[in-house]
Amino acid sequence: MSDMRAYGYLIKMRVLTALAYRFDVWIGMIGDIILLAASVFIWKAAYGGDALGSGASIVGLDGMITYTVVSVLMTTVFSTGVQNTIYNQVREGNIALDFMRPLNLLGIYFSEDLGSMVSALVNKAIPLVIMASLLFGFPMPDSPTAAALFVASCVLSFMILWLMSAMVGLVAFWVAELGNLGMVKDAFIRVLSGSMVPLWFFPEGLQRISEWLPFQYTYQLPLSVYIGMTTPLDALRGMGIQLIWVALLGVLLAWIWTRARGKVMVQGG
Amino acid sequence: MAIIEVKDLVKEFVVVRKKTGLGNAIRSLVLPDKKIVRGVDGLSFNIEQGDIVGYIGPNGAGKSTTIKMLTGILYPTAGSIRVCGLSPHKERKAVVRQLGVVFGQRTQLYWDLRLGETFELLKRIYKIEDKRFKATLDMLNDVLRIQDFIDTPVRQLSLGQRMRGDLAASMIHDPTVLFLDEPTIGLDADAKHAIRGFIQTMNRERRMTVVLTTHDLDDVEQLCSRLLVVNHGRIVEDGPLDSIVGKLAPHRLLVIELSEDVQAPEHARAKIVRQDGLKVWYQFDKAAISASELIADLSGMLPIRDLSVQEPDIEDAIREVYRTTG
Ligand SMILES: Nc1ncnc2c1ncn2[C@@H]1O[C@H](COP(=O)(O)OP(=O)(O)OP(=O)(O)O)[C@@H](O)[C@H]1O
Ligand SMILES: [Mg+2]
């Protein structure tokens, strides 16, 4: 697999590209900080009153603030550009050029997203952590073990998110106008992953259902590991479920890919 | 064995006809009005190694569609393709390793990065050793003069520079076959000249096979040893440029300027097609009589001040092929 050097260079090129758009990075960060501050203030207000019901007894306000800060960090770092990349490349016909590389197309897009993640870690995550620490105090993990398990779980979270994005992206091979499908998927993720509001604040029925869906294993699992709400043993069990989802979605993606390959239309030219 | 073998190739596209009006729009969501369009309709041809083949035809003839199938991007609806002995869509990676491809309307260069960065990526994709990579870059630089802008971000390059960059990128791994889909589109005379020179050099020095799609007949005239003319997804002419032009427009013109106003005589093997003041146009078939014979005959009968021989117009001949097959 000496193709690895090519994929590695694609990662590097994406990091270099991100550097060319420094200004974008700063603007994006201002948005992130506003989002972060707003969420923290909402939680503070909610914990001040008694609107939260029994959910509030599960995690205290400090835990919830840490949860929110780390959740925004995860959102900033996780890059699943693959969905839009496929959509744009198909729409503009540039997919033809991607096919000219003796590489795996999804491998190319995966490398590019990894590159975006590396640059987001340096460019966005670090300044954001500093800002958040100044405003609300450093978001400490519950324990070193929790931190380590969090990182491992995040890797699997990202895989799940990426595979779902790639799948939605591939729909572009059948339907040239993809736009809204991606928005629906993103809305599902935002709500059901617990990235904004943890699912324990949701009705019992919805919580039962979402145990059978991949979404809560993307944000809520690693986040609750981080704040110590999930014991290390449960964390490992959760990561087992994450692995199962990665495998399932991976197989599904591979199947869609073989079907999509025969459907390729190249617009223009 | 021919380097490219195409047999009974067909590509069908399903197009959904959109109708106006809200009612029709809703109806077509449920029951789309589908129509099958044949972009390529039964192509067969072989291309030998070391040839420069001009693949020409009017807009929508199926040229780009053919190239997309030969390079493994599109799956054929029917028929078979062999490129370097392999099936492009079944063994895409192995085939594209041996191909260089330039689509004149697109670029494979990374827009936000310096030109050289794309070359570095290609070096790793094709696993080119340092020494060979440097030698190839030097060679490409000699012909395309890319050194001047190799450190410039691609988005700041002019169209001509970008095209030179794209050609260099397509050649960095020393491909066996080069596909060029309208490589001279939008370029000035100088840039076109450079690109033609480059194609000739690569072909001569590396025995590279070139398949060239273009609407610029100067490209064809200066580069191609053979022409494949397509229309409506089918081959309508195949052969060297002269023979296609000769077959369709066998006539040449002898234009004579007289020194005094006399009645120009008829000639058995040349026809007067026009007379205007002191100028006379004789049309003749080059198979029937040579220009020098005709001039010798006429100079005995006419007071000639000046003369010129006009070759048939390639543009006219090609337009005639498109018209008669259209
Ligand atoms: N993705 C597609 N969907 C539907 N029809 C298509 C598609 N691509 C090409 N066609 C049709 O197939 C035919 C051949 O198109 P193609 O692009 O191969 O022409 P071309 O010879 O390259 O023309 P040009 O000189 O204009 O570039 C055209 O009628 C075109 O409308
Ligand atoms: Mg075309």
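The values are calculated or read from the model by the stated rules, or taken from the named source; none is laboratory data. In this text, all values refer to a predicted model and were calculated from it rather than measured experimentally. All Cβ positions, glycine included, derive from the backbone under ideal geometry; neighbour counts span all protein chains shown.
For the range B:180-231, a residue qualifies if it is among the β-branched types (Val, Ile, Thr) and within 16 Å of ligand 1 (Cβ to nearest atom), and the qualifying residues are B:Thr184, B:Ile185, B:Val211, B:Thr213, B:Thr214, B:Val220, B:Val229, B:Val230. In the range B:195-219, the residues that are in contact (Cβ under 8 Å) with a residue 60 or more places away in the chain form Cβ pairs under 6 Å with partners that are of a type in the set (Asp, Glu) and within 16 Å of ligand 2 (Cβ to nearest atom), at six or more places apart or across chains, as follows: B:Thr213/B:Asp181; B:Thr213/B:Glu182; B:Thr214/B:Glu182.
Considered as a group, the residues in the range B:55-87 that are closer than 14 Å to B:Val229 by Cβ and aliphatic (A, V, I, L, M) include one that is farthest from the chain's Cα centre (by Cα), and that residue is B:Ala61. Look through the range B:52-80, keep the residues that are of a type in the set (Ser, Thr, Tyr) and part of a helix (DSSP H, G or I), and return whichever of them is nearest to ligand 2 (Cβ to nearest atom). It comes out as B:Ser64.
Being more than 16 Å from ligand 1 (Cβ to nearest atom), among the polar types (S, T, N, Q) and surrounded by fewer than 22 Cβ atoms within 10 Å (Cβ to Cβ): is that true of B:Thr176 here? The answer is yes for B:Thr176.
Of all residues in the range B:10-65, those satisfying the criterion of being under 18 Å from B:Phe103 (Cβ atoms), touching a helix residue (DSSP H, G or I) at 6+ places or on another chain (Cβ under 7 Å) and within 8 Å of ligand 1 (Cβ to nearest atom) are B:Lys11, B:Gly39, B:Val40, B:Gly57. Tell me yes or no: at least one residue of the range B:136-147 is out of contact with any strand residue (DSSP E or B) (no Cβ under 9 Å at 6 or more places or on another chain), outside any helix (DSSP H, G or I) and surrounded by 18 or more Cβ atoms within 10 Å (Cβ to Cβ). Checking the range B:136-147: at least one residue is out of contact with any strand residue (DSSP E or B) (no Cβ under 9 Å at 6 or more places or on another chain), outside any helix (DSSP H, G or I) and surrounded by 18 or more Cβ atoms within 10 Å (Cβ to Cβ). Residues in the range A:1-50 that are crowded, with 16+ Cβ neighbours inside 10 Å and polar (S, T, N, Q) were compared, and the one that is farthest from the other protein chains (Cβ to nearest Cβ) is A:Ser39.
Out of the residues in the range A:137-150 that are touching a residue at least 40 places away in the same chain (Cβ under 8 Å) and of a type in the set (A, V, I, L, M, F, W, C), which is nearest to A:Met229 (Cα to Cα)? Applying the filter and picking the extreme gives A:Ala146. The set of residues in the range A:3-30 being acidic (Asp, Glu) and not in a helix (DSSP H, G or I) consists of A:Asp3 alone.
Table: residues versus (1) within 13 Å of chain A (Cβ to nearest Cβ); (2) part of a loop (DSSP other than H, G, I, E, B); (3) within 11 Å of ligand 2 (Cβ to nearest atom); (4) in contact with an Asp or Glu (Cβ under 6 Å, 6 or more places away or on another chain).
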position: B:Asn46; (1), (2), (3), (4): no, no, no, yes
position: B:Gln49; (1), (2), (3), (4): no, yes, no, no
position: B:Arg82; (1), (2), (3), (4): no, no, no, yes
position: B:Ala94; (1), (2), (3), (4): yes, no, no, no
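Candidates A:Ala187, A:Ala172: the one that is within 15 Å of the chain's Cα centre (by Cα), among the small types (Gly, Ala, Ser) and farther than 21 Å from A:Gly63 by Cβ is A:Ala187. For the range B:115-126, a residue qualifies if it is out of contact with any Phe, Trp or Tyr (no Cβ under 7 Å at 6 or more places or on another chain) and either under 19 Å from B:Met208 (Cα atoms) or surrounded by 19 or more Cβ atoms within 10 Å (Cβ to Cβ) (or both), and the qualifying residues are B:Phe119, B:Leu122, B:Ile125, B:Tyr126.
Per-residue answers, yes or no, for (1) within 15 Å of ligand 1 (Cβ to nearest atom); (2) more than 9 Å from chain A (Cβ to nearest Cβ); (3) within 22 Å of B:Ile172 (Cα to Cα):
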{"site": "B:Met69", "(1), (2), (3)": "yes, yes, no"}
{"site": "B:Ala78", "(1), (2), (3)": "no, yes, no"}
{"site": "B:Glu91", "(1), (2), (3)": "no, yes, yes"}
{"site": "B:Trp111", "(1), (2), (3)": "no, no, yes"}
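Scanning the range A:251-269 for residues that are more than 16 Å from ligand 1 (Cβ to nearest atom) and surrounded by 15 or more Cβ atoms within 10 Å (Cβ to Cβ) turns up A:Leu253, A:Ile256, A:Trp257. In this structure, does A:Thr68 turn out to be over 17 Å from B:Leu122 (Cβ atoms), away from chain B (no Cβ under 12 Å) and either basic (Lys, Arg) or in a helix (DSSP H, G or I) (or both)? When the stated conditions are applied, A:Thr68 passes them. Among the residues of the range B:209-219, are any more than 16 Å from ligand 2 (Cβ to nearest atom), over 17 Å from the mean Cα position of the chain (by Cα), within 28 Å of B:Ser64 (Cβ to Cβ) and assigned by TED's automatic domain parsing to the domain that holds B:Tyr55? No, the range B:209-219 contains no residue that is more than 16 Å from ligand 2 (Cβ to nearest atom), over 17 Å from the mean Cα position of the chain (by Cα), within 28 Å of B:Ser64 (Cβ to Cβ) and assigned by TED's automatic domain parsing to the domain that holds B:Tyr55. Here is the figure for the range B:96-108: residues that are over 13 Å from A:Pro102 (Cα atoms) and either more than 10 Å from chain A (Cβ to nearest Cβ) or buried (at least 22 other Cβ atoms within 10 Å of the Cβ) (or both) total 2.
Among the residues of the range B:172-189, not a single one is assigned to a helix (DSSP H, G or I) and either within 16 Å of ligand 2 (Cβ to nearest atom) or not small (Gly, Ala, Ser) (or both).
B:Ile4: crowded, with 21+ Cβ neighbours inside 10 Å and either farther than 23 Å from A:Phe99 by Cα or more than 16 Å from ligand 2 (Cβ to nearest atom) (or both), yes or no? Against the criterion (crowded, with 21+ Cβ neighbours inside 10 Å and either farther than 23 Å from A:Phe99 by Cα or more than 16 Å from ligand 2 (Cβ to nearest atom) (or both)), B:Ile4 qualifies. Taking the criterion of being more than 26 Å from the chain's Cα centre (by Cα), aliphatic (A, V, I, L, M) and surrounded by 21 or more Cβ atoms within 10 Å (Cβ to Cβ), the only residue of the range A:88-99 that qualifies is A:Ala96.
The numbered conditions (1) at pLDDT 85 or above; (2) surrounded by 14 or more Cβ atoms within 10 Å (Cβ to Cβ) are all true for B:Ser308 except (2).
For A:Met265, the conditions (1) within 16 Å of ligand 2 (Cβ to nearest atom); (2) closer than 21 Å to A:Thr75 by Cα all hold with the exception of (2). Residues that are part of a helix (DSSP H, G or I), free of Cβ contacts under 8 Å to residues at least 24 places away in the same chain and not small (Gly, Ala, Ser) do not occur anywhere in the range A:219-229.
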